[in-house]
Amino acid sequence: MREITLIEATREALAAAMARDNTIFVVGEGIGPRGGNFNTTTGLYDLYGPERLRDMPISERGFVGMCAGAAMTGSRPIVDFMFVDFILDAMGELINQAAKIQYMSSGRLKMPLILRGCIGIGHSAATHHSGSYFPHFVNIPGFRVVVPTTPYDAKGLFATALVSDDPVIFLEHKSILFHKGAVPEEEYTIPFGQARVARAGQHCTVVAVGAMVGKTLQACERLALAGIEVEVIDPRTLNPLDIQSVLASVHKTGRLLIVDETFQPCGIGAEIAAQVVEQGFDDLDAPVCRLNGAYAPTPYSPTLEAAVVPNVEEIVRAVETLMAA
Amino acid sequence: MSVQPTTDPAPGQIDRSAALEFYRVMLTIRRTEEQLARSHQQGLIHGACHTYVGQEAIAAGVCAHLRPDDAVFSTHRGHGHALAKGVPPRELIAELFGRATGCSRGRGGSMHLFAPEIGMMGTSGIVGPCILQATGAGYSFQLLKTDRVGVAFFGDGAVNNGAFHEGLNLASICRLPVLFVCENNQYATEIAFAYAAGNPQVGMRGSAYGMPGVTLDGNDVVAVYQAAGEAVARARAGGGPTLLECRTYRTRAHAEGMRDVGYRTQEEVDRWKAQDPIARCRTYLLQKQAVAVEALEQIEADVQTTVTEAERFARNSPWPEATTACQHVYSEPAQPASH
């Protein structure tokens, strides 16, 4: 099968949907003729013009609120934030409005709104271009939260987002945007709420999110040399969260570590740990463990930046500690 | 998408039946609000109740130009907009009573009124978002190649908010079919607009965003109707957005049951009460439209009957089932209460 990057994969899904559905439009800064800072819309402006590829002033609250109104009235907007840190200027429009409109209208209005952007630490982007923020959105009823980690998943999950009637937060980690993977040329969808087993194993379960999936798989190679076979679960969507796949794995391994570069308090690891303790306590042979990024803003200097995000060595040590517990 | 021929009269010439309809709509708002104020005192309204008393000419004059497929987005003081857009008084009262028959099925109360089937796309407890959402409706209507319009109603409290700046700018650069209707009632809760605004001439701000801006007497329904008519026609024809500043006054407290002292004088309230938009409309109908007083009395009796029956309907309506409290969080049915 041919191999394409994660960004090319989401662009294929977008292009196919835009060809079929003329209510889809994209807004963002530089998503028009320029094709997006991360090539998210390359080539689409030439096909669909400025009405459907609308460059925006730096006005995040404005165009997010505008797109919420558009989603309520018959179109399917996509907000391309470039860096998802910029979404914070629009939090009121999202949490108080987009997430609540379907409920407050008792299901008579829909909110088919996609909010996409790059997340994650890396490349010395510093603290205003390195956030992930998915725990914030997972906490709010009304949002779907998607964090793809392979080109194949990205295409199928984005295709699902493009036909969803719910607001979808689609978060692409910047360190894997240009990783290549096998992707079919035909269209397909991957349902929300189905985790992927990224590596099978029987000694320990690791749930990893975003770029941590790749680092965990690297750690698994080293652990396997020592005879530790880790099962790696990529949840793919954090809301809905496929806790059943995690429980099934823990039933087999008896041990659980969650690896996530976002902050630990009230994070996705806390949620997964709580649900496993509630529903799978008898399967646990050791306390559930978490490995998170440091509880600090993201610094610029490479030596400082590397110190705030979990690395392969730390994942190896965390698994070894868990196995010894 | 059917395009209806315009029936709007030329400026200065208001069709008599249209003028009588202003009176009926304004009076329906007033009588419904007075009923809600009484119901609030009786404890039948469980949360806030922000009345529209004194501002009725604006909702009536603007909504007279709107079709059910035009989209209205409004603010916390939105009862009048919902009624003028066509929400029956009984569904409004039932909503404030928290009943299943309310326009939001009991999910919203005074500040969250939804009737999307007739283009009432929601009121909001947050000041400002309606401006952006109406802009978005305009985006949809332009993209879908229709002649529908989006309308935002908001108070003077919204125009010092970033949503106003960003929404008007976006509507202007995209030339969207949107009306921005500022109901300048002089106070944001109890903060005087004259204090809160570096430039208190809201209509003048239109030029800052490259769109027509008009300031008018918001207690004169004919003036509102004519200005809104021009703006709606321009929007439908692809001429882009308009900002209307309607100067008006809320004669009751910010919310029912709130103390209404310390920020304005009784003399000021009385001065504005003498400019009551409904009394002025009545005088206009009698003097300029030569309407017989009996015709107005008939409307007054009909409205009172409607409101009385609406209150009874609301009071006798069922409560929403508690088992439905987590429905419609997501579009798909049968979502669990938590993931």
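The values are calculated or read from the model by the stated rules, or taken from the named source; none is laboratory data. In this text the structure is predicted, and so the values were computed from the model without any measurement. With ideal geometry, Cβ positions are generated from the backbone for all residues, glycine too; neighbour counts draw on all protein chains shown. Ligands, DNA and RNA are stripped out before the accessible areas are found, and what is left, the full protein with its side chains, is counted by its heavy atoms. Shrake-Rupley method; radii C 1.70, N 1.55, O 1.52, S 1.80 Å.
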Please identify the GluC sites (Glu not before Pro) of the range B:261-339 that satisfy two criteria: DSSP loop assignment and at most 16 other Cβ atoms within 10 Å. Which are they?
B:E321
Considering every residue in A:48-57, what mean count of other chain Cβ atoms within 10 Å of its Cβ is obtained?
2
How far, in degrees from 0 to 90, does helix A:151-161 lean away from the longest principal axis of the Cα atoms of chain A, to the nearest 10?
50 degrees
So if I take the centroid of the Cα atoms in the range A:13-31 and the same for the range A:142-192, what is the distance between those two points in Å?
15 Å
Positive dipole terminus of the protein assembly as shown, leading residue within A:T150, A:G117, A:G293 (C-beta point charges):
A:G117
Counting other chain Cβ atoms within 10 Å of each Cβ in A:92-99 and taking the mean gives 3
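Applying 1/(1 + (r/R0)^6) with R0 = 45 Å to the Cβ-Cβ distance of A:A19 and B:R67, what FRET efficiency is obtained, to the nearest 0.05? Please report the intermediate quantities before stating the final value.
Values: r = 32 Å, r/R0 = 0.71.
After rounding, the FRET efficiency stands at 0.90.
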Under the rule of at least 5 residues apart or a separate chain, name every residue whose amide H is placed under 5 Å from the amide H of A:G30.
A:M56
Given 10 °C and 1.306 mPa s, how large is the Stokes-Einstein diffusion coefficient of chain B in µm²/s, with Rh as the Kirkwood radius over Cα pairs?
78 µm²/s
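May I ask you to give the average projected area over all directions of the convex hull of the Cα atoms of the range A:3-182, in nm² rounded to one decimal? Working shown, then result.
Details: hull surface 37.4 nm².
Result: 9.4 nm².
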With every protein chain kept in place and a 1.4 Å probe, the range B:166-310 has an accessible area per residue in Å² of 44 Å²
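Using a 1.4 Å probe on the protein chains only, how many percent of the accessible area of the range A:196-324 belongs to carbon and sulfur? Mind showing how you got there, number by number?
Numbers: 3090 of 5480 Å².
The C+S portion of the solvent-accessible surface of the range A:196-324 is 56 percent.
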Nearest 100 Å², what total accessible surface is buried between chain B and chain A (probe 1.4 Å)?
3800 Å²
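Place a +1 charge on the Cβ of each Lys and Arg in the range A:196-324 and a -1 charge on the Cβ of each Asp and Glu, then give the dipole magnitude about the Cα centre in debye, rounded to the nearest 20. Could you put the intermediate results ahead of the total?
Working: 9 positive and 16 negative charges, 39 e Å.
For this selection, approximately 180 debye.
Using Cα pairs closer than 8 Å and at least 6 residues apart in sequence, work out the relative contact order for chain A, in percent. Walk me through the numbers before you get to the answer.
On the way: 719 pairs, mean separation 52.3, N = 325.
For chain A, the relative contact order is 16 percent.
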Listed residues B:M204, B:N219, B:V261: farthest to the positive end of the dipole of the range B:188-262 (Cβ charges)
B:M204
Heavy atoms of B:W272 accessible to a 1.4 Å probe, total area in Å² rounded to 10:
60 Å²
Looking at B:N161, B:L66, A:T303, which one has the Cα that reaches farthest to the positive end of the dipole of the protein assembly as shown (charges on Cβ: Lys, Arg +1; Asp, Glu -1)?
B:L66
Using only protein heavy atoms and a 1.4 Å probe, report how much of B:Y139 is accessible, in Å² to the nearest 10.
0 Å²
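Which percentage, to the nearest 5, of the DSSP beta bridges contained in the range A:3-182 is antiparallel? Don't skip to the end; give the middle numbers.
Values: 3 of 24 bridges.
If we restrict to bridges inside the range A:3-182, about 10 percent are antiparallel.
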Per DSSP, loop GluC sites (Glu not before Pro) in the range B:128-216 with at most 16 further Cβ within 10 Å:
B:E190
Give me the accessible area per residue for the range B:1-160, probe 1.4 Å, as a whole number in Å².
30 Å²
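Give me the Kirkwood hydrodynamic radius of the range B:113-206, using the inverse of the mean 1/r over all pairs of distinct Cα atoms, in Å to one decimal. It would help to have the intermediate numbers written out before the result.
Details: mean 1/r = 0.0723 Å⁻¹.
Value: 13.8 Å, from the Cα pair sum.
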Rolling a 1.4 Å sphere over the protein heavy atoms, what is the accessible area per residue of the range A:3-182, to the nearest Å²?
29 Å²
Electrostatic dipole magnitude of the protein assembly as shown [Cβ: Lys, Arg +1; Asp, Glu -1; Cα centre; debye, to 20]:
860 debye
Can you show me the helix-derived [θ] at 222 nm for chain A, built from DSSP H runs with n ≥ 4 at -39,500 (n - 2.57) apiece and divided by the number of residues, rounded to the nearest 500.
-10500 deg cm²/dmol
Roughly what % of Cα-Cα distances in the range A:196-324 sit above 22 Å, to the whole percent?
30 percent
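How much of the DSSP bridge set in the range A:196-324 is antiparallel, in percent, rounded to the nearest 5? Show your work: numbers first, answer last.
Details: 3 of 15 bridges.
Close to 20 percent.
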Measure out, as a whole number of angstrom, how far apart the alpha-carbon centroids of the range A:44-121 and the range A:218-279 sit.
31 Å
Leaving out ligands, DNA and RNA but keeping every protein chain, what accessible area does B:Y263 have, in Å² rounded to the nearest 10, with a 1.4 Å probe?
40 Å²
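So for the protein assembly as shown, if I pair up every lysine 8 or more residues apart or on another chain, how many of those pairs have alpha-carbons under 20 Å apart? Before the final figure, lay out each step's value.
Details: A:K100/A:K110; A:K155/A:K174; A:K155/A:K180; A:K174/A:K215; A:K180/A:K215.
So the count works out to 5.
How large is the charge dipole for the range B:139-296, taken about the Cα centre, if only the Cβ atoms of Lys, Arg (+1) and Asp, Glu (-1) carry charge, to the nearest 20 debye?
Working: 16 positive and 16 negative charges, 88 e Å.
Rounded to the nearest 20 debye, it is 420 debye.
Per-residue ellipticity at 222 nm for chain B, helices alone: DSSP H runs ≥ 4 residues times -39500 (n - 2.57), over residue total, nearest 500 deg cm²/dmol? Write down the numbers at each step before the final one.
Values: 12 runs with 142 residues, N = 339.
Theoretical 222 nm ellipticity from helices: -13000 deg cm²/dmol.
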For the range A:128-233, state which GluC sites (Glu not before Pro) are in a DSSP loop and have at most 12 other beta carbons lying within 10 Å of their beta carbon.
A:E185, A:E186
Over the Cα atoms, compute the radius of gyration (one decimal) and Dmax (the largest Cα-Cα distance, rounded to a whole number) for the range A:134-246, in Å.
14.6, 47
Exposure ranking of B:E256, A:E12 by accessible area [1.4 Å probe, largest first]
A:E12, B:E256
With equal scatterers on the alpha carbons only and no solvent term, can you work out the Debye log10 of I(q)/I(0) for chain A at 0.10, 0.11, 0.13, 0.14 1/Å?
-0.56, -0.68, -0.94, -1.08
Looking only at chain B, where both bridge partners belong to it, what percent of the DSSP beta bridges are antiparallel (to the nearest 5)?
10 percent
In nanometres, the difference between 0.36 nm per residue of separation and the alpha-carbon distance of B:Q201 and B:D260 is 18.7 nm
